[in-house]
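Every number here is computed from the coordinates shown, using simple stated rules; none is lab data. Worth saying up front: this structure is predicted, and the values here are computed from it rather than measured. Neighbour counts run over all protein chains shown; Cβ positions are idealised from the backbone, glycine included.
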Amino acid sequence: MTSREIIRRVLEFDNPPRVGYSFNAPNQSDFSGFWLAAAPKITADNPYREWGHYPELLEKVPGFTGEVRRQDGNIFGRVNQKTAGQCIRGFLEDGWENLDRYIELYLSPFHREDNYDLEKIQSWTEKNRDKFTLSSIVSLQAAARDARKIDNMLADTITETENLKYLVNACTDAAICQTEILHRFGVDCVMICDDWGLQDRLYINPESWREIWKGAYARLIRRLHEQGMKFFLHSCGMIRSIIDDLIEIGVDVFQFDQPAIYNYDDLSGVMRGKATLYSQADIQNVLPKADKKFIQAEAKRMMDVFHHNGGFIARDYANYADINIKDEWAAWAREVFTGTVIAA
């Protein structure tokens, strides 16, 4: 049975022979991923795609001395050459006056096929027919969060609701255009990375989320499902207050890096038969403890609670070194997920 068929069965609760695997090389993975979220020919950012110390960008962020680059019109910064960086200056940070210009420069290009390397997409899919193919697409929240900066975006949910809705819907239009292209090449699923949670709650009022974002997600997911594709949502933090909404509108897979902040029995009860958990052992409360017995017990608990004729994909965090976790600790969990070790 191919990896693609195993993941299909996991997602459809169709008695797969094992849980899904999405481990870092050289370990086994049932997935092949592709980064489509950045259209490669948006010329405004081309000179600043790589990390560097560009004086003309650094002067826009006084006091910052690390590396910078520009992505989707926003300036990102990082220190010590670690992580993918964080937005430190947003294109719309000073106000909404340039909203249409932002959409023209950084969202409209996603609608144009000449902004994609179609041969590269075709080559990737043809080489990975036996894998479950996954591509990232334009975010429906992170784009607004970065362009406006998060503090402004939080206020916008109350004071600039219509402008924020307009931007979110423009992001949704761009994301749908990307799915149309991916569908033509037989891609199985897309993932959006939208962090919504603090440690114990959503960081905006759930009613604001329902007013501004729920319909946008629903529109995108509906189109994906019409094309026979699946929707994966990554979100850090506690988002229990909107999980029922997300399942209602058709989220197929939740990718959580901190699953241990949830009550496993509650989460499994809500998701079972409807949505799949896609997670490694918790990167905040489990793996950093560097305790083999504890890590393997937690991995076993995840398997026991979430895998019921499907419903669970075990994974690795993309880059453990960035969060000071040794691969040895992650390997202890992988041993349980793959059945190499039977935890007590």
| message | About the Cα centre, and with charges only on the beta carbon of Lys, Arg (+1) and Asp, Glu (-1), how big is the dipole of segment 1-95? Nearest 20 debye, please. | response | 240 debye
| field | Amide proton proximity set for Ser22, modelled H, under 5 Å, gap of 5+ | value | Asp30, Ala314, Arg315, Asp316
| query | With contacts defined as alpha carbon pairs under 8 Å and 6 or more residues apart, what's the relative contact order of the chain in percent? | reply | 18 percent
| remark: Amide H contacts under 5 Å for Ile88, restricted to residues at least 5 apart in sequence or on another chain and with H modeled in the peptide plane, are Ile75, Phe76, Gly77
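Only bridges whose two residues both fall in the chain count here: according to DSSP, what percent of them are antiparallel, nearest 5?
Approximately 30 percent, going by the DSSP bridge assignments.
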| Ranking Asp173, Asp200 by Cβ neighbours within 10 Å, fewest first, what do you get? | Asp200, Asp173
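Kindly provide the Kirkwood hydrodynamic radius of segment 207-251 in Å, to one decimal, from all pairs of distinct alpha carbon atoms.
11.1 Å
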| remark: Square roots of five times the C-alpha gyration tensor eigenvalues of the chain, ordered largest first and given in whole Å, equal 32, 23, 21
| request: Please get the size of the charge dipole for segment 212-265, origin at its Cα centre, with Cβ charges of +1 on Lys and Arg and -1 on Asp and Glu, quoted in debye to the nearest 20. | output: 260 debye
| field | segment 1-152: mean projected area of Cα convex hull, nm² | value | 12.0 nm²
| For Arg112, Arg201, order by how many other beta-carbon atoms lie within 10 Å, fewest first | Arg112, Arg201
| request: Positive end of the charge dipole of the chain (Lys, Arg +1 and Asp, Glu -1 on Cβ, about the Cα centre): tell me which of Ala299, Asn319, Gly52 has its Cα farthest that way. | output: Ala299
| task | With runs of 4+ DSSP H residues as the only contributors, calculate the mean residue ellipticity of the chain at 222 nm using -39,500 (n - 2.57) per run, divided by the residue total and rounded to the nearest 500. | result | -11000 deg cm²/dmol
| request: Report, in order of residue number, the helices in the chain meeting two criteria: a C-alpha extent of 27 Å or more along the helix axis, and a mean Kyte-Doolittle hydropathy of at least -1.0; treat each whole DSSP H run as one helix. | output: 161-184
| note | With the charge dipole of the chain built from beta-carbon charges (+1 for Lys and Arg, -1 for Asp and Glu) about the Cα centre, the Cα from Val336, Ile242, Ala142 projecting farthest to the positive end belongs to Val336
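Percent of alpha carbon pairs in segment 90-228 separated by more than 26 Å?
29 percent
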| query | So which lysines can Lys300 reach, going by Cα to Cα under 26 Å and dropping same-chain residues fewer than 8 places off? | reply | Lys131, Lys274, Lys289, Lys292, Lys326
| request: Let me have the relative contact order for segment 220-316, percent, based on Cα pairs under 8 Å that are six or more residues apart. | output: 25 percent
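Show me the chymotrypsin sites (Phe, Trp or Tyr not before Pro) within segment 257-290 that DSSP assigns to loop and that have at most 15 other Cβ atoms within 10 Å of their Cβ.
When the chymotrypsin sites (Phe, Trp or Tyr not before Pro) of segment 257-290 are filtered for loop state and at most 15 Cβ neighbours within 10 Å, nothing remains.
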| note | segment 192-306: Kirkwood hydrodynamic radius (Cα pairs, Å) comes out at 14.9 Å
| field | Dmax and Rg, reported as Rg then Dmax, of segment 156-208 (C-alpha, Å) | value | 14.9, 42
| request: About the Cα centre of segment 213-344, how large is the charge dipole given +1 on each Lys and Arg Cβ and -1 on each Asp and Glu Cβ? Please answer in debye to the nearest 20. | output: 220 debye
| query | Quick one: net charge of Glu12's neighbours, Cβ under 14 Å, K/R +1, D/E -1? | reply | +2
| field | Computed over segment 134-186, Kirkwood Rh from alpha-carbon pairs, angstrom | value | 11.9 Å
